[in-house]
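Working notes, structure below.
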Amino acid sequence: MTSDHPINTTGSRQRQTRFAALQKWVSRAFARDLSCLIVPGQDVALAHGLNVSATGMRVSASPRDANVLLIVGGLSEKMGEVATVLYAQMPRPRTILMLGGKTPSSFPDADVSAGLSQKALADAVGRLKRALAEGAFATSAEDFDASVLHVKIEYVCPMHPEVVEDEPGSCPKCGMDLVAREAGEQTPEGGHDHEHRHDHEQQCQDHDHDDSNEHQQEHAHENAATEYTCPMHPEIVRDEPGSCPRENA
């Protein structure tokens, strides 16, 4: 069935035009107000002679307030995991600026890479601003994901580290409440936990030893033969009740 009235596409084109204009305005505003989170930290950047504020970027102490993750130098595996968590906490749109190294394997590629110098940093920030002003970020980016973001929690007995459960509860050996920890984390053999566990085990052993001694004493007392003696003549001892032969003499 055909319609006598042509489809009106004017309204749709107008909405698209307004959206494109709004997106362009947001991109330019975003490029003018860059706030960076420095990894491993601002002290490391200063140690390399980098003055981040001189480039026009604000330095943020929280990933929630940053739109640029500035990575200075190479990162260890552990620090790479920390940076991954920080990047996941940053609001969109967000970018990665890498100086003098490679982004961690758990990261997406850096948006801009440069050498580890003040001049290279200033040039990289300029390129980043131009790219952002042109709307060079995805408006429907997929959620960033990495294995380090999925932390499994398990529950372990502080006195019996071999007791590990997937849910909270009590230790079947001693009845203590299980303590939460990150899966794969090992209970240290030294330090307070080890000393506490050792003291607990020693107390249990001492208690068992005391119970054993008391039991032996009670058992010996029960098995001991009953004797009868004269209060006036203690040398008179008999196995059965009776009277002292000297008193009757």
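The values are calculated or read from the model by the stated rules, or taken from the named source; none is laboratory data. As the structure is a prediction and not an experimental result, all values here were calculated from the model. Here the Cβ positions follow ideal geometry from the backbone for every residue, glycine too, while neighbour counts run over all protein chains shown.
Assorted remarks:
- Taking the listed residues Leu50, Leu116, the one that is of a type outside the set (Gly, Ala, Ser) and under 16 Å from Ser35 (Cα atoms) is Leu50, with no other qualifying.
- Members of the range 67-107 found to be over 24 Å from Gly56 (Cβ atoms) and free of Cβ contacts under 8 Å to residues at least 40 places away in the same chain, listed by number: Gly74, Leu75, Ser76, Glu77, Lys78, Gly80, Lys102, Pro104, Ser105, Phe107
- Matching option when the condition is basic (Lys, Arg) and modelled with pLDDT of 90 or more, among Lys129, Lys152, Lys119: Lys119
- Matching option when the condition is aliphatic (A, V, I, L, M) and in contact with a Ser or Thr (Cβ under 6 Å, 6 or more places away or on another chain), among Ala110, Ala47, Ala114, Ala83: Ala110
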